[in-house]
């Protein structure tokens, strides 16, 4: 979508992006420049994922999930 089209229907376009959880690329100019519109919830989830990756937490969790055993967690310990 180009910037002019976006500007003409900004409310409905933004609402659709939020409801459908789909980002929208908006081109600005002819050089391949532009911006991406996404819902705040999706942006926050992306930033959280980035944080978890950057701190090594994500790889630790995925590794533990892949190598879990029945003895790793006790319901009694959680209560």
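The values are calculated or read from the model by the stated rules, or taken from the named source; none is laboratory data. As the structure is a prediction and not an experimental result, all values here were calculated from the model. Neighbour counts are summed over all protein chains in view; Cβ atoms, including those assigned to glycine, are modelled from backbone coordinates with ideal geometry.
Being under 30 Å from residue 17 (Cβ atoms) and either touching a strand residue (DSSP E or B) at 6+ places or on another chain (Cβ under 9 Å) or without any contact (Cβ under 8 Å) to a residue 24 or more places away in the chain (or both) holds for only one residue in 53, 70, and it is 53.
What residue, of 18, 10, 26, is at pLDDT 95 or above, surrounded by 10 or more Cβ atoms within 10 Å (Cβ to Cβ) and in contact with a strand residue (DSSP E or B) (Cβ under 8 Å, 6 or more places away or on another chain)?
Working: 18 fails: in contact with a strand residue (DSSP E or B) (Cβ under 8 Å, 6 or more places away or on another chain); 10 fails: in contact with a strand residue (DSSP E or B) (Cβ under 8 Å, 6 or more places away or on another chain).
Selected residue: 26, the only one of 18, 10, 26 that is at pLDDT 95 or above, surrounded by 10 or more Cβ atoms within 10 Å (Cβ to Cβ) and in contact with a strand residue (DSSP E or B) (Cβ under 8 Å, 6 or more places away or on another chain).
Kindly establish whether residue 61 is within 30 Å of residue 7 (Cα to Cα) and surrounded by 10 or more Cβ atoms within 10 Å (Cβ to Cβ). Explain how you work it out, then say what you get.
Working: within 30 Å of residue 7 (Cα to Cα): no; surrounded by 10 or more Cβ atoms within 10 Å (Cβ to Cβ): yes.
Considered against the rule, which asks whether it is within 30 Å of residue 7 (Cα to Cα) and surrounded by 10 or more Cβ atoms within 10 Å (Cβ to Cβ), residue 61 comes out as no.
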